[in-house]
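Let me begin by presenting the structure, written as C-alpha cells, before commenting on it.
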Amino acid sequence: MNVTDFFQEKFNTQRDQWEKSLRSELKADEIGTKAHKKSAEGSWPTLSLEAPVTHQLRPAESWKKAAQTYVRLTDAGQNHLHEDLEAGVRVFFFEKDFLEEESFKKITGILSAHKDAKDIVVVLLGDKKIPHGKTSLRIIDEEKMILGRGVMAPGGNNIQELASIAHGLVTRFPENEIEIGVFLDSQFFRNIAKVRAARLLALKVLEEYGVKKDITVVGLTSFRDWTLYERYSNLLRNDVSVASGLIGGCDFVQSAGYQALFELETNESPTEHSERSRRMARNTSHILSLESTLGVVEDAGFGSYHLESLTEEYAREAWALMQKILPLSDKEVSEFFMKETIKVREERQKNFAMRKHVLAGVNDFPDVTDKLQLKSLPVPRFYRTGRSFEDLRLKMESAPKKPTVYLGVFGDYAALNARINFVKNYFELLGLKVTDPHNATLDKEEFEKLSTSRSEEFFVLISSDDQYESLSSLPYKAKEKYLAGKTQMSGFTNLFTGQNVQDILTGIVERWGNK
C-alpha cells in the first residue's frame, strides 16, 4: 500500500471554472499557499485553494436518530429509558465499566419491547465484557469497533488517532460491517475533517483488499477538554462535537450531558444536575438534527477548500504513519504510540499552562463563585487537559484560610483596564477574592497611604511601565506583592502575558493551600 495513489480524481470543467472565478475574487494568486498554522494537533491550512482533489462521501442515513449517553444508570434510573424513548431517542450509549450484566439484560428488555426496536442502536463503550445474547436491537460494542482510544486516552493527536484506526483496519480487518469510532472534541473544523478522513481511510483499505463492505462511523465524545469547574460550558462543547459529527458524516453521534464528566470521574451525581444534564443531551440531538437539519445536506464539507485540504492532509499523514508501524508487533506499536503521545501531551499541557490553549472557566475567564465541594480529584480514567488547574483550585478551595487580593492602580484607570482585567482573571483562577477599586490615582502620597493601609494578603501594583521606577521606593505592607508587566522591581513577582501561569499558581497553592 502506498500514499501516492490515495487520492485520484480529475476535475471537471465546472469545477475549473468555479475555481478560476473564486481565485479572482479572493486574489488567491497574490496570497499564495503559505498560510498554515501549527499546534499540538499538527499543521493545518488556514486558507488553501491548492487541494488537488475533492471527495464526496455518501450521507449518513441515521441522522434523525437522537442520541443519549448513560454513565451510571441505577435500577431506579431505568425509568429514564422510557422517557427518552418517548422523547425520540433511538441511539443509546452506555459505559460498560459502570454496567452489570443483569442491569444490561433489563435495559435491552426495555428497549426491545419498544415499538421501534428495529431502529434502536445500542453502543457499548469501554473494555468490560458484557454478553449481548440474541436481541432485535443493533448493538455496536467497542470490543469489535476500530477506534483509537489507546492513542486518545493518554493525550494523542488526530493524526495518531487516524493512524491507529488505519492500522486496526489493516490488522483486524472485520469479517462483516466495518464499525469505526472517531473521538470528537471542541475543535469544530478539525472534527469534520477527521470524520471524513476516517471514512476515506476505510474506503482505501477496502479498495486494497478488493472487497465491498458497509462502513459505519460513530462519533464519540472526547472528554479531554471537558471540565469539572464551569460544568455548564460542557453543554457548548457537546454542541460543537455533535454538530461537527453530523456535518462530517457520522452515522451515529454521541450526545453527552454536561454532568457526564462528574459521573465518569466522581461519585457526585446530584438530581438537580443529572436530570437537566440528561435532558439537554437529548435536546442537543433534536435541535441539531431536526431544527438545524445538519444531517440533511449530503456531505456538507464537500467543496470547502479548507475542509478538503485538511481532510486530505489528515488522511495522507495518517496513512504514512500507519505504514511506518505496520511491520511492528502489537507490543512495539503500543510502545511507539505511548512514546509519541507523551510528546503531544506535554506540548499541549505546556500550551495550556501558558494559556496559548484556553479552556473557558479553568485557565481563563473563571467563575470565582463556582465550587466543586470535592475533597480531591480521583485518579484519572484518561488524560484531561484541565485537571492540572482544577487540582490547584480545588486545593485552594479547601484551604483553611484563602488569601485576598487588592489591585493598586496608579495612573489612568481606563488606559490600564486591560492589565486590570488580566490580573483579576489571574487570581480568580484559584477562586480568590479580588478587590478592584474601580478607580485610580496619580498622587504618590495618596497611593503610599493606600499601599500601607490595605489588609489584603496580596497587593498587585498596576501602572504603566514608565511609572514603576518611581513607585519602587514606596513601602508595601502586603505579605506577597505582584506587578502587572515585565518591569523588574525588588520584592515583586511579575505577571504578564505569555508566562507559565500554572507555575505561578502552583507556588501560591504550595504557600497557602495548607495554611
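The values are calculated or read from the model by the stated rules, or taken from the named source; none is laboratory data. Computed from a predicted model, the values in this text were never measured in an experiment. For neighbour counting, all protein chains shown are included, and Cβ atoms are generated from backbone atoms with ideal geometry for every residue, glycine included. All accessible areas refer to the heavy atoms of the entire protein, side chains included, with ligands and DNA or RNA removed. Shrake-Rupley method; radii C 1.70, N 1.55, O 1.52, S 1.80 Å.
Using only the Cα atoms of segment 349-477, build the gyration tensor, take square roots of its eigenvalues as a ≥ b ≥ c, and label the shape rounded, prolate or oblate: rounded if a/c is under 1.5, else prolate if a/b is larger than b/c, else oblate.
It comes out prolate by the Cα gyration axes.
Could you tell me what percent of the accessible area of segment 301-378 is made up of carbon and sulfur, with a 1.4 Å probe and every protein chain present?
Whole-percent figure for carbon plus sulfur exposure: 54.
Treating the beta-carbon of each Lys and Arg as +1 and of each Asp and Glu as -1, no other charges, what is the dipole magnitude of segment 193-239 about its Cα centre, to the nearest 20 debye?
Value, rounded to 20: 80 debye.
Given the rule -39500 (n - 2.57) for each run of at least 4 DSSP H residues, summed and divided by the residues of the chain, what is its mean residue ellipticity at 222 nm, to the nearest 500 deg cm²/dmol?
-13000 deg cm²/dmol
Could you state the angle between the C-alpha long axis of helix 188-209 and the longest principal axis of the C-alpha atoms of the chain, as a value from 0 to 90 degrees rounded to the nearest 10?
30
Taking the chain as the reference, fit the longest principal axis to its C-alpha atoms, fit the long axis of helix 305-325 to the helix C-alpha atoms, and give the angle between the two in degrees, 0 to 90, nearest 10.
Orientation of helix 305-325: about 80 degrees from the principal axis.
Given points 7 Å out from each Cα along the Cα-Cβ axis, report the E101 to M489 separation in nanometres with one decimal.
Here the answer is 6.9 nm between the modelled labels.
Rounded to the nearest 0.05, what FRET efficiency is calculated for M354 and L206 with R0 set to 60 Å and r the Cβ-Cβ distance?
About 0.85, to the nearest 0.05.
Amide H to amide H under 5 Å from T216: which residues, 5+ apart in sequence or cross-chain, H placed 1.01 Å off N in plane?
I178, E179, I180
Assigning unit charges at the beta carbon (Lys, Arg +1; Asp, Glu -1) and nothing else, what dipole magnitude in debye, to the nearest 20, does segment 231-311 show about its Cα centre?
Taking the Cα centre of segment 231-311 as origin, the dipole is about 240 debye.
Leaving out ligands and nucleic acids, and using a 1.4 Å probe, what accessible area per residue does the chain come to in Å²?
Heavy-atom SASA per residue in the chain reads 46 Å².
As I understand it, the dipole of segment 179-255 uses +1 on the Cβ of Lys and Arg and -1 on the Cβ of Asp and Glu, about the Cα centre. Which of F183, L235, Q254 lies farthest toward its positive end?
Farthest towards the positive pole: F183.
In nm, to one decimal, how far is the modelled label at A113 from the one at E83, with both set 7 Å along Cα→Cβ?
1.8
Round to the nearest 10 and give me the degree value, 0 to 90, for the angle of helix 233-248's Cα axis relative to the longest principal axis of the chain.
30
Which whole-Hz couplings ³J(HN,Hα) result when phi for each residue of segment 419-432 is put into the Karplus expression 6.51 cos²θ - 1.76 cosθ + 1.60, θ = phi - 60°, listed in order with x for Gly and Pro?
Values, residue by residue: 5, 4, 5, 4, 5, 4, 4, 3, 7, 5, 4, 9, x, 7 Hz.
With Cα extents along the principal axes in Å in mind, check (1) 83, 64, 47; (2) 75, 58, 49; (3) 68, 56, 52 and report the label derived from this structure.
Correct label is (1).
If you find the alpha carbon centre of segment 470-515 and of segment 78-100, how far apart are they in angstrom?
Answer, in whole Å: 50.
Take the alpha-carbon centre of segment 111-174, take the same for segment 378-451, and report the distance between them in whole Å.
After rounding, the separation between the Cα centres reads 45 Å.
³J(HN,Hα) across segment 475-492 via Karplus (A = 6.51, B = -1.76, C = 1.60, θ = phi - 60°), whole Hz, x for Gly/Pro?
x, 10, 7, 4, 5, 10, 10, 10, 9, 7, x, 9, 5, 7, 9, 4, x, 10
Starting from the amide H of T221, placed 1.01 Å from N in the peptide plane, find each other amide H under 5 Å away whose residue is 5 or more places distant or on another chain.
HN-HN under 5 Å from T221: L184, Q254.
Take the Cβ-Cβ distance between S136 and E469 as r, set R0 to 51 Å, and report the resulting FRET efficiency rounded to the nearest 0.05.
Details: r = 79 Å, r/R0 = 1.55.
After rounding, the FRET efficiency stands at 0.05.
How many nm is it between the label spots at Y413 and N439, if each spot is 7 Å from the Cα in line with the beta carbon?
Each label point is offset 7 Å from its Cα along the Cβ direction, giving 0.7 nm.
How large is ³J(HN,Hα) for each residue in segment 278-291, as worked out from phi by the Karplus curve 6.51 cos²θ - 1.76 cosθ + 1.60 (θ = phi - 60°), to whole Hz, x for Gly and Pro?
Per-residue couplings from phi come out as 5, 5, 5, 4, 5, 5, 4, 4, 4, 5, 6, 7, 9, 6 Hz.
Can you find, among I140, L450, L169, the residue sitting farthest towards the positive end of the charge dipole of the chain, where Lys and Arg contribute +1 and Asp and Glu -1 at Cβ?
The residue sitting most towards the positive pole is L450.
For the pairs K449/K479; K401/K424; K134/K204, flag any whose C-alpha to C-alpha distance is greater than 22 Å.
Distance filter (> 22 Å) returns K134/K204.
Under 13 Å from the Cβ of Y209, count the other residues' Cβ atoms, weight Lys and Arg +1, Asp and Glu -1, and hand me the total.
+1
Taking the dipole about the Cα centre of the chain, with the C-beta of Lys and Arg at +1 and of Asp and Glu at -1, give me whichever of M338, I110, N417 is farthest to the positive side.
With unit charges placed on the Cβ atoms, the residue in question is M338.
Place a +1 charge on the Cβ of each Lys and Arg in the chain and a -1 charge on the Cβ of each Asp and Glu, then give the dipole magnitude about the Cα centre in debye, rounded to the nearest 20.
Dipole of the chain, to the nearest 20 debye: 640 debye.
Name the longest site-free stretch of the chain, where the excluded sites are GluC sites (Glu not before Pro) in a DSSP loop with no more than 14 other beta-carbon atoms within 10 Å.
Between exposed loop sites, the widest span is 299-515.
Please work out how many pairs of lysine residues in segment 314-397 are eight or more positions apart (or on different chains) and have Cα atoms closer than 26 angstrom.
Taking segment 314-397 as the scope, the lysine pair count is 13.
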